[in-house]
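Asks: Take this structure first; my questions come after.
The values are calculated or read from the model by the stated rules, or taken from the named source; none is laboratory data. Since the model is a prediction, treat every value here as computed from it, not as a measurement. Counting neighbours? That spans all protein chains shown, and the Cβs are built from the backbone with ideal geometry, glycine included. Surface accessibility is based on the protein's heavy atoms, side chains included, excluding ligands, DNA and RNA. Shrake-Rupley method; radii C 1.70, N 1.55, O 1.52, S 1.80 Å.
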Amino acid sequence: MASGPQLGSAAPDFTLPGGVLSGETFERADYRLSSARGRSVVLAFYPGDNTSVCTKQLCSYSSGMEAFEGLDADVWGISPQGVDSHESFARALDLRMPLLADEGRETARAYGVSAPGIGVRRAVFLIGPDGVLRWKHVALLGATFQSLTTLTDRLSGIKDA
């Protein structure tokens, strides 16, 4: 299995279709990692919309959006489902972060989290405002996820660096 980007190296750039719930509207757009320079980005790869652990994980991050905002960080959820699936998932749970569709799993492969059989491993990558990978966690089984507190602690370290 590919190990993906190493800490301290440039995070692989990508452009993926996605959308974000804004009030009643699901605003669709293309998301390019390099266009987020100047802010930290939390990339949360997850196996699938409407699954129990993914739902808990994304609801946790969504409820903590103010904490991420306070650290000048964006949170992007990435999974292999299409944008239509993401829209219904976001609407059902009032998720407040963009959900990106990596249907061909090219981005998952670039980050070393594409896995035969399960599709995509649950993983979190913290990318600094300079586009450099600062921290990552890749779950082997995916039954747990990195907490909001862990991520905000890691982000505040990046911001203070």
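Asks: Mean-square fluctuation check for the chain, GNM, Cα pairs under 10 Å: which of Ala123, Ala108, Ala92 is largest?
Replies: Greatest mean-square fluctuation among the candidates belongs to Ala92.
Asks: Here is a follow-up. Roughly how big is the stretch 1-85's charge dipole about its Cα centre, with Cβ charges of +1 (Lys, Arg) and -1 (Asp, Glu), in debye to the nearest 20?
Replies: Computed about the Cα centre, the dipole is about 260 debye.
Asks: Would you mind telling me the antiparallel percentage of the DSSP bridges in the chain, rounded to 5?
Replies: So the antiparallel bridges in the chain amount to around 70 percent.
Asks: Check Gly119: other-chain or 5+ apart residues with amide H under 5 Å from its amide H, H built from backbone geometry?
Replies: Amide H to amide H, under 5 Å and 5 or more residues apart or across chains, Gly119 pairs with nothing.
Asks: Can you pull the accessible area of Arg37 for me, 1.4 Å probe, Å² to the nearest 10?
Replies: Result for Arg37: roughly 140 Å² accessible.
Asks: Which whole-number percent gives the relative contact order of the stretch 1-41, counting Cα pairs below 8 Å spaced six or more residues apart?
Replies: Averaging sequence separation for qualifying contacts and normalising by length gives 31 percent for the stretch 1-41.
Asks: On to the next question. Solvent-accessible area of Met65, probe 1.4 Å, all protein chains present, reported in Å² to the nearest ten, please.
Replies: Using a 1.4 Å probe on the heavy atoms, I get roughly 20 Å².
Asks: Further question on the same structure: Go through Gly128, Pro116, Ser34 and say which Cα lies farthest out towards the positive end of the charge dipole of the chain; charges sit on Cβ, +1 for Lys and Arg, -1 for Asp and Glu.
Replies: It is Pro116.
Asks: Give, in nm to one decimal, the length gained when the segment between Ser88 and Ala29 is fully stretched (0.36 nm per residue of separation minus the Cα-Cα distance).
Replies: Net length gain for the segment: 19.6 nm.
Asks: Can I ask one more? Out of Trp76, Phe89, Ser22, whose Cα points farthest toward the positive end of the dipole of the chain (charges: +1 Lys, Arg; -1 Asp, Glu; placed on Cβ)?
Replies: Trp76
Asks: To the nearest 10 square angstrom, how much accessible area does His137 have with a 1.4 angstrom probe?
Replies: My reading of the accessible area for His137 is about 60 Å².
Asks: For a paramagnetic label modelled at 7 Å from the Cα of Leu7 toward its Cβ, which residues of the stretch 115-135 fall within the zone defined by backbone nitrogen distances under 18 Å?
Replies: So the set is 123-135.
Asks: Then there's this: Rounding to the nearest 20 debye, state how big the charge dipole of the chain is about its Cα centre with +1 on each Lys and Arg Cβ and -1 on each Asp and Glu Cβ.
Replies: Once rounded to the nearest 20, the dipole reads 520 debye.
Asks: Mean separation of Cα pairs under 8 Å and 6+ residues apart, divided by the residue count of the chain: what relative contact order is that in percent?
Replies: This gives 31 percent for the chain.
Asks: For the chain, set up a GNM with springs between Cα atoms under 10 Å and report which of Gly64, Gly117, Gly23 has the largest fluctuation.
Replies: Judging by the Gaussian network model, the answer is Gly117.
Asks: How far apart, in nanometres, would the label points at Val132 and Glu106 be if each is projected 7 angstrom from Cα along the Cα-to-Cβ direction?
Replies: My value for the distance between the label points is 2.8 nm.
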